[in-house]
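The values are calculated or read from the model by the stated rules, or taken from the named source; none is laboratory data. Note that this is a predicted model, so its numbers are computed, not measured. Cβ placement follows ideal geometry from the backbone for every residue including glycine, while neighbour counts extend to all protein chains displayed.
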Amino acid sequence: AVIVEHTFHVKYLTVSKLCHQTVITAVNGSLPGPTIRVREGDSLHVHVINESPYNVTIHWHGVLQLMTGWADGPSYVTQCPIRPGTSYTYRFTITKQEGTLWWHAHVSWLRATVYGALVIRPRSGHKYPFPKPHREVPILLGEWWNANVIDVENQALATGAAPNNSDAYTINGRPGNLYNCSQNDTYKLKVQQGKTYLLRIINAALNNQLFFKIADHKMTVVAVDASYTKPYVTDVMLLAPGQTTDVLLTANQAPGAYYMAARPYASAPNVPINNSTTRGIMVYENALSTSASPKMPVLPPLNDTATAHKLNSNLTSLIGAPHWVPVPRDVDEHMYVTVGLGLEPCEKNRTCGGQNGQKFSASMNNHSFQFPTKLSMLEAFFFNVKGIYTTDFPNKPPVKFDYTNTTNSNNTALLFAPKRTSVKKVKFNATVEMILQDTSLITLENHPMHLHGFNFHVLAQGFGNFNPRTDRKKFNLIDPQIRNTIGVPVGGWAAIRFTADNPGVWIMHCHLDVHLPLGLATAFVVENGPTPATTLPPPPKDLPKC
Ligand code: C2O
């Protein structure tokens with residue numbers, strides 16, 4: 001194991017896309033930012049130098065951060081932001097996981113352009129649990145705005161309305177030739193006939209789940225969220241924002257050119273989205289003639305919940321693969337947690353842009369999460385500072401109610417959830433089970449829920465209200481998929497389980513960036529364990545001050 005060192009200069013970059021010149025915030029002048037490559041067991045030191053006019057933090061999405069909570073990165077949760085003109089070094093070791101993860105800004109909407117891949121290969125001398133690919137290729141799906149994304153976010157928050165949709169989706173930062181002025185801004189992958197490639201696909205889009213498909217080629221899923229899966233063959237993939245999928249792709253078709261393409265899975269009925277398609281070209285290098293126009297894959301319809309559910313629920317983990325963990329059987333904390341949108345009252349004498357002239361809001365168990373501003377939650381935990389967060393996040397919602405019934409929207413107590421910085425406090429090594437239940441106060445929607453600091457087992461997923469009597473019998477306790485982000489089925493539920501073996505403060509939130517500032521979040525505060533090795537060490541000297 002070695003120390004891998006990187007320096008990230010975060011600063012403005014002028015790019016032209018979709019016939020516009022736009023100034024974005026980017027790392028080291030590239031979009032996506034640099035790919036970080038490590039082996040399991042390596043340590044990573046990343047010096048982040050903020051040369052931008054914005055507050056910045058970097059989150060290492062999916063990294064377990066064992067005993068290194070100070071490097072997790074969500075602003076005001078594990079650190080105060082890196083102010084313009086200052087810097088911070090993230091130091092952590094990557095253990096007990098292999099595959100594809102990614103890094104992104106975790107403050108405002110900056111992650112629209114501040115993101116990159118994090119590739120974790122096995123230790124030297126160790127092998128993949130599948131045949132060695134000829135080449136490995138990161139495929140980052142993104143979302144692009146012609147406007148400044150921070151302005152887009154701030155405008156939505158000020159008016160209480162839904163934010164403007166993006167102008168394009170991208171593959172490795174490129175929109176592709178279905179968009180205006182993008183003929184030369186199309187991602188191109190060269191392959192050789194008969195060779196197998198490992199595509200490390202990442203959904204870095206802000207607000208959209210994406211179907212992904214390559215014309216005439218099948219893909220074999222071998223890992224999700226840096227956990228190996230039983231090989232699963234499919235011709236289409238779905239990734240929620242935050243999720244990663246490693247697939248093997250063999251160039252076994254007639255030499256020529258084929259499009260790869262992505263467009264949204266729009267789970268919420270009647271919510272306007274950007275329904276355009278991004279595409280890149282896969283070209284066989286040894287093709288005699290590439291004059292024929294590339295073949296275009298047929299993507300599923302935008303609202304194809306059946307296909308989405310099939311892809312989400314058919315995956316299983318690979319028993320006995322490196323770092324595989326069995327499902328913990330004894331549950332210490334049973335939680336039933338609602339996730340969904342609601343409203344916040346508009347200021348007096350104003351009409352806001354959300355439903356009924358109010359502002360849009362969001363909550364978990366009727367608590368709408370509010371980020372602190374004076375101190376990070378992790379510092380409050382470590383230094384025992386009161387008044388930054390409360391420990392009263394409930395194990396169930398305040399009332400029993402039919403979460404699939406879309407006519408419940410007049411229950412004002414549920415609709416207007418109070419703003420809280422409330423957390424769930426658990427003992428070191430406690431096993432937590434959560435039933436995540438979609439609500440329907442504003443709309444039904446598939447919310448991709450992401451937990452920092454832990455992987456969880458996805459025991460089951462279904463539609464309608466979770467029914468403990470019948471649905472518990474469906475739990476897969478043998479080989480469920482292991483993830484850090486789960487799309488809770490639209491109008492349905494997902495059951496997850498994890499062991500809280502890492503002290504610190506770990507946020508859990510919807511990975512649609514539109515819902516995070518609205519309050520679709522909570523956090524786990526995991527107490528220290530009994531030994532020095534299970535006690536959170538003090539913060540690094542350069543931890544930014546609020
Ligand atoms: Cu990828 Cu809290 O985020």
* For the range 239-260, how many residues meet the condition of being crowded, with 24+ Cβ neighbours inside 10 Å, of a type outside the set (Ser, Thr, Tyr) and part of a strand (DSSP E or B)? -> 4
* Output for the range 242-265, where each listed residue is more than 14 Å from Ala308 (Cβ to Cβ) and not small (Gly, Ala, Ser) -> Thr244, Asp246, Val247, Leu248, Leu249, Thr250, Asn252, Gln253, Pro255, Tyr258, Tyr259, Met260
* Asked: Out of the range 82-93, which residues are of a type outside the set (S, T, N, Q) and either without any contact (Cβ under 8 Å) to a residue 12 or more places away in the chain or more than 16 Å from the ligand (Cβ to nearest atom) (or both)?
  -> Ile82, Arg83, Pro84, Gly85, Tyr88, Arg91
* Matching residues, the range 485-512, being within 16 Å of the ligand (Cβ to nearest atom) and in contact with a helix residue (DSSP H, G or I) (Cβ under 7 Å, 6 or more places away or on another chain) -> Gly487, Gly504, Val505
* Among (1) assigned by TED's automatic domain parsing to the domain that holds Thr250; (2) surrounded by 24 or more Cβ atoms within 10 Å (Cβ to Cβ), the one test that Tyr115 misses -> (1)
* Asked: So is Lys396 at pLDDT 95 or above, in a loop (DSSP other than H, G, I, E, B) and either surrounded by fewer than 22 Cβ atoms within 10 Å (Cβ to Cβ) or not assigned by TED's automatic domain parsing to the domain that holds Val526 (or both) or not?
  -> yes
* If only one of Val23, Val10 is assigned to a strand (DSSP E or B), surrounded by fewer than 22 Cβ atoms within 10 Å (Cβ to Cβ) and modelled with pLDDT of 95 or more, which one is it? -> Val23
* Residue in the range 94-124 that is farthest from Gly453 (Cα to Cα), counting only those that are within 15 Å of the ligand (Cβ to nearest atom) and among the β-branched types (Val, Ile, Thr) -> Thr113
* Only residues that are within 27 Å of the chain's Cα centre (by Cα) and over 23 Å from Val488 (Cα atoms): list them for the range 329-352, please. => Glu344
* Asked: If you take the residues of the range 367-389 that are outside any helix (DSSP H, G or I) and hydrophobic (A, V, I, L, M, F, W, C), which of them is surrounded by the most Cβ atoms within 10 Å (Cβ to Cβ)?
  -> Phe369
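Yes/no per residue for (1) modelled with pLDDT of 95 or more; (2) outside the structural domain of Phe416 (by TED's automatic domain parsing); (3) part of a loop (DSSP other than H, G, I, E, B); (4) in contact with a Lys or Arg (Cβ under 9 Å, 6 or more places away or on another chain):
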residue	(1), (2), (3), (4)
Pro301	yes, yes, yes, no
Lys310	yes, yes, no, no
Val337	yes, no, no, yes
Cys346	yes, no, yes, yes
Thr351	yes, no, yes, no
